[in-house]
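> What follows is a structure written as structure tokens; I'll ask about it next.
The values are calculated or read from the model by the stated rules, or taken from the named source; none is laboratory data. None of these values were measured; they are calculated from a predicted model. Cβ: placed from backbone, ideal geometry, glycine included. Neighbour counts: every protein chain shown. Areas reflect the complete protein model, heavy atoms only, side chains present, ligands, DNA and RNA absent. Shrake-Rupley method; radii C 1.70, N 1.55, O 1.52, S 1.80 Å.
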Amino acid sequence: MNQPSSFLKQDPRNFQIITLLSFLLIGNFFLGFDQDLLYILAVFTGAFSAQALFTKLYGLSYSWKSPLITGCSLSILLYSNQFYIGLAAGILAISSKFLITSGKRHIFNPANFAIIVLLLLQNFINYSVWISPGQWGRTAILIFLILMLALAVLNSGTLKIMPFSFILIWATLLFSRAIYLGDPLAIPLHQLSNGALLIFTFFMISDPKTIPDHHLLKVLHALTIALLSYYLLFEQYLSNALFYSLFLLSVLVPFYNHFFKAKHYVWKTNS
Amino acid sequence: MSGKQILKFFLIACLFLPSSLFAFCGFYVSQADTKLFNKSSKVVIARNEDRTVITMANDYEGELKDFAIVIPVPVILKEKQIHVTKNSIIDHLDAYTAPRLVEYFDEDPCQPMRVYEFAAGSVRKAGPGGGARDSLAKKLGVTIEAEYLVGEYDILILSAKESNGLLTWLNQNNYKLPKGAEKILGSYIKQDTKFFVAKVNLEEQSKLGSEFLRPLQIAFESPNFMLPIRLGTLNANGNQDLFVFALSKKGRVETTNYRTVKIPSNMDIPLYVKDEFGDFYKDMFNTLTKKDRLSNVYLEYAWDMGWCDPCAADPLPDKDLRELGVFWLDKFTNEDVMPRPGRFRRPQGQNVYVTRLHLRYNAETFPEDLQFQETSNRENFQGRYVLRHPWKPDGSKKVCESGIKYLQNLEDRFEKEAQTLANLTNWDINTIRQKMSKKGQAKPELPEDADGKDWWEDLWS
């Protein structure tokens with residue numbers, strides 16, 4: 001039986017691609033993300049050409065899903081009014097996947113890598129790039145629930161551990177903070193209703209290639225990311241705390257995998 | 001107003017406002033008496049890296065002895081970190097960044113094109129803008145960290161151990177807080193926030209000879225780029241408007257925990273709106289916030305402070321920017337720069353970028369304080385509405401073919417303008433059409449010789 005759900009179950013990336021493409025369209029047409037079309041095209045051009053170049057160099061078969069997912073994440077999260085920054089973001093993201101590796105596995109989530117490098121380099125080179133985490137407004141919380149439900153139904157257990165444990169820990173931290181401060185629960189709920197958090201949870205830290213193989217370490221990894229983010233956000237007032245935390249802690253993943261062997265996740269289809 | 005010890009807190013960001021006691025500032029169009037947004041407050045934030053200067057405009061009109069404000073601040077402020085400034089500077093900034101109406105005159109379609117543009121007006125704001133106590137404070141866990149007289153204000157910087165004691169102290173000292181304040185104060189105390197409280201020193205105020213209170217300014221360093229609005233949401237009298245004018249070095253400022261949305265802009269609207277631009281903007285904003293269920297922060301203006309086009313008012317001179325806390329400007333004045341009518345450009349980049357944000361908030365839709373970030377986005381944006389005066393044939397000359405086409409298209413154009421206006425403001429479309437037709441924006445009469453003639457009929461005649 002060829003039902004739509006079987007297409008989605010066939011490869012978790014199919015689900016990611018459909019969701020991300022819808023976000024890109026909904027965001028730009030209804031939520032006023034206001035991204036420049038030329039910029040979005042530049043992101044995809046950068047990602048697809050880097051993918052083509054490196055697969056050729058490494059003699060691999062070309063996979064269009066990875067640059068598409070990375071391109072969508074970058075177009076949704078990263079803003080610039082210079083189209084060449086889009087090009088640079090796409091190229092940086094995909095190149096990092098091939099160049100910064102440990103034991104044939106890339107270390108950083110490609111989109112996360114490009115975001116952090118471009119944000120940091122801005123301190124030295126003059127160009128414009130930023131993240132607008134507030135742009136989803138109250139729609140985010142609804143999308144969150146839909147995605148959690150979809151993920152629970154569609155994906156294999158291995159892929160669920162990271163996003164679910166992270167979001168549970170993060171929500172626990174936010175609610176505990178509110179209870180400690182005596183704040184109304186509307187505040188942590190509002191803090192959870194954040195588009196950047198949503199993309200981060202479902203499309204970045206869920207990337208099975210850049211997280212520990214061992215299930216318990218996945219939970220530990222989620223916990224450390226949440227704790228570091230909490231510290232950076234509420235003690236250091238860093239607005240893109242989540243992305244910095246993931247970037248910093250991704251470096252530990254090769255060590256986790258070295259010392260705690262477990263079955264490595266392989267994408268089901270190789271299209 | 002009664003002589004009871006009712007306390008009034010006007011809150012920008014931070015102050016409490018039983019609003020019936022106030023005549024709020026607003027924006028006005030042309031005439032000073034056309035109040036647009038009542039229950040509004042204005043805050044200017046100049047910030048670069050962690051250094052922050054906040055200016056709070058204050059249009060309090062009640063009895064001065066009843067005036068009181070409470071503002072959460074991140075650190076204990078020294079005397080030199082507190083200042084008062086002139087209302088006129090904020091009025092100037094308000095006028096410079098206000099949504100504007102521009103006018104174009106269609107050219108004779110039978111002649112080559114020329115373009116005129118000038119500002120027809122802007123939504124602008126009018127007008128100028130003891131010992132026993134200490135020991136009691138100690139018992140309540142409240143510490144008076146500092147006490148200053150700055151301008152016409154008596155200022156105390158308080159820290160507290162727990163909200164109940166602070167609330168009791170504030171109430172005993174005539175800072176009567178609205179219901180629900182205790183929890184919010186408690187939350188701020190746990191985050192190690194200090195409290196800046198001020199009242200008017202009547203003696204000093206009388207020396208000034210002015211009935212208006214001047215804006216209070218505070219300068220401090222904090223990595224947290226935020227504006228506390230939670231105490232302000234306690235006001236039972238419904239929604240409040242807040243204008244935030246951010247002066248930054250890199251580029252546009254936006255909220256990170258709420259959506260920042262551009263107001264609808266660059267739209268052609270009927271000519272008669274020139275006479276009711278204030279109502280237009282107010283109703284447009286009402287319609288917009290209602291549709292979005294008061295959940296967004298609106299961007300009304302984002303521009304390099306060096307220039308404007310068209311100008312609703314000239315950019316602020318450097319000395320006024322410095323007064324508002326733009327500490328990164330060099331100490332030189334630019335008053336020798338002559339503005340050209342309608343447009344203005346400074347000879348050099350000023351590294352001052354202004355963002356004007358407008359929000360209508362209440363406790364339900366804005367539960368959290370506003371968190372901001374400065375982005376490197378220097379793309380300019382302005383709330384700009386366009387009046388297009390149609391070309392009219394003068395009757396003495398024959399109308400050319402493209403002239404006839406132009407006239408035939410006018411009816412559609414007028415209808416489109418009417419629809420735009422109705423959508424933006426929720427005004428009745430039929431009333432709009434009637435008013436437009438009174439202004440001459442109705443189906444144009446085609447010249448008699450235009451009927452049914454082909455282009456070649458007069459070719460060899």
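> Pairs B:Lys42/B:Lys319; B:Lys392/B:Lys435; B:Lys249/B:Lys291: which are spaced more than 23 Å apart, C-alpha to C-alpha?
Result: B:Lys249/B:Lys291 exceed 23 Å.
> Cα centroids of segment B:138-211 and segment B:385-414: how far apart, whole angstrom?
Measuring centre to centre over Cα atoms gives 64 Å.
> Which whole number gives the average count of other chain Cβ atoms within 10 Å of the Cβ atoms across peptide B:393-403?
Mean inter-chain Cβ contacts per residue within 10 Å come to 0.
> How much solvent-accessible surface does B:Trp307 expose, in Å² to the nearest 10, with a 1.4 Å probe and all protein chains in place?
60
> Let me ask something additional. Could you tell me which of rounded, prolate or oblate describes chain A, using a ≥ b ≥ c as the square roots of the eigenvalues of the alpha-carbon gyration tensor, with rounded for a/c under 1.5 and, failing that, prolate when a/b is larger than b/c and oblate otherwise?
rounded
> Compare A:Ile125, A:Ile26, A:Ile116 in a GNM of chain A, Cα atoms joined below 10 Å, and give the one with the largest fluctuation.
Of A:Ile125, A:Ile26, A:Ile116, the Gaussian network model singles out A:Ile125 as fluctuating most.
> Among rounded, prolate and oblate, which fits segment A:122-220 when a ≥ b ≥ c are the square roots of the eigenvalues of its C-alpha gyration tensor, a/c under 1.5 means rounded, and a/b larger than b/c means prolate?
It comes out oblate by the Cα gyration axes.
> Let me ask something else. If ligands, DNA and RNA are left out, what is the accessible area of A:Phe108 with a 1.4 Å probe, given in Å² to the nearest 10?
20
> Across peptide B:362-370, how many C-beta atoms of other chains are within 10 Å of each residue C-beta, on average?
Mean shielding count: 3.
> How much solvent-accessible surface does A:Val253 expose, in Å² to the nearest 10, with a 1.4 Å probe and all protein chains in place?
10
> Taking chain A, how many lysine pairs are there with alpha carbons less than 16 Å apart, if each pair must be eight or more places apart or span two chains?
Taking chain A as the scope, the lysine pair count is 21.
> Moving on to the next point. Using only atoms on other chains, find how many Cβ atoms lie within 10 Å of each Cβ of peptide B:253-261 and report the average.
Partner-chain Cβ atoms within 10 Å, mean over residues of B:253-261: 6.
> Right, here's the next one. For segment B:135-199, please report how many Lys pairs fall under 22 Å Cα to Cα, leaving out neighbours fewer than 8 apart on the same chain.
Step by step, the pairs that qualify in segment B:135-199 add up to 23.
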